[in-house]
Amino acid sequence: QVQLVESGGGLAQPGGSLTLSCAASGSSFSSNAMGWYRQYPGKQRELVADITSAGNTNYVDSVKGRFTISRDNAKNTVYLQMNSLKPEDTAVYYCNVRAWVGGTIRPVASWGQGTQVTVSL
């Protein structure tokens, strides 16, 4: 079972930057698609960005042009570079493995503890 450890969150001012990291255990990291998700209080987690094993990326419209997802397969780590942060980016951020299950792509690993991102003056 893959274990995921997110880090790098914190307090940032509007317009500032943060870089999140997600370290994954296991030997199959390089063959897995990975995603970053965020969760607002009382809401379900939502996908923010994902990256395939080949390095292709996708972003939700609200973060396009501001966030960049990347991966380092040698370190079993996926990153989320967050620039031009806005107060509405305030959430707990999680990463997960994405895989096709029953015709849909979905997170398939156990969730880590997440990392809190707070954007405020």
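Hey, Leu85 hits all of (1) open to solvent by 10 Å² or more (accessible area, probe 1.4 Å); (2) part of a loop (DSSP other than H, G, I, E, B) but one; which does it fall short on?
(1)
Could you pull out the residue among Gly35, Gly65, Gly8 that is small (Gly, Ala, Ser), open to solvent by 60 Å² or more (accessible area, probe 1.4 Å) and under 30 Å from Ser120 (Cα atoms)?
On inspection, the qualifying residue turns out to be Gly65.
Here are Ser21, Ser30: which of them is more than 16 Å from Ala91 (Cβ to Cβ) and in a strand (DSSP E or B)?
So the residue among Ser21, Ser30 that is more than 16 Å from Ala91 (Cβ to Cβ) and in a strand (DSSP E or B) is Ser21.
Scan Val60, Val97, Val101 and give me the residue that is under 14 Å from the mean Cα position of the chain (by Cα) and surrounded by fewer than 20 Cβ atoms within 10 Å (Cβ to Cβ).
Val60
Which pairs have Cβ atoms under 6 Å, sit 6 or more apart or on different chains, and link a residue in segment 76-95 that is touching a residue at least 60 places away in the same chain (Cβ under 8 Å) to one that is hydrophobic (A, V, I, L, M, F, W, C) and open to solvent by 40 Å² or more (accessible area, probe 1.4 Å)?
Partner pairs satisfying both residue conditions: Tyr94/Trp111.
For segment 39-48, check the following and say yes or no: at least one residue is open to solvent by less than 60 Å² (accessible area, probe 1.4 Å), within 17 Å of Val119 (Cα to Cα), in contact with a helix residue (DSSP H, G or I) (Cβ under 7 Å, 6 or more places away or on another chain) and outside any helix (DSSP H, G or I).
So far as segment 39-48 goes, yes, one or more of its residues are open to solvent by less than 60 Å² (accessible area, probe 1.4 Å), within 17 Å of Val119 (Cα to Cα), in contact with a helix residue (DSSP H, G or I) (Cβ under 7 Å, 6 or more places away or on another chain) and outside any helix (DSSP H, G or I).
Quick one: in segment 49-82, which of the residues that are of a type in the set (A, V, I, L, M) and part of a strand (DSSP E or B) is nearest to Val2 (Cα to Cα)?
Val78
Kindly indicate whether any position in segment 44-54 is of a type outside the set (S, T, N, Q) and on the phi > 0 side of the Ramachandran plot.
No, segment 44-54 contains no residue that is of a type outside the set (S, T, N, Q) and on the phi > 0 side of the Ramachandran plot.
Identify all residues within segment 60-112 that are of a type outside the set (A, V, I, L, M, F, W, C), out of contact with any strand residue (DSSP E or B) (no Cβ under 9 Å at 6 or more places or on another chain) and closer than 19 Å to Ser28 by Cβ; write none if there are none.
If the condition is that a residue be of a type outside the set (A, V, I, L, M, F, W, C), out of contact with any strand residue (DSSP E or B) (no Cβ under 9 Å at 6 or more places or on another chain) and closer than 19 Å to Ser28 by Cβ, then Asn73 is the only one that fits.
The values are calculated or read from the model by the stated rules, or taken from the named source; none is laboratory data. Because the structure is a prediction, the values reported are computed rather than measured. Glycine gets a Cβ as well: all are built from the backbone with ideal geometry, and neighbour counts include every protein chain shown. For accessibility, only protein heavy atoms count, side chains too; no ligands or nucleic acids. Shrake-Rupley method; radii C 1.70, N 1.55, O 1.52, S 1.80 Å.
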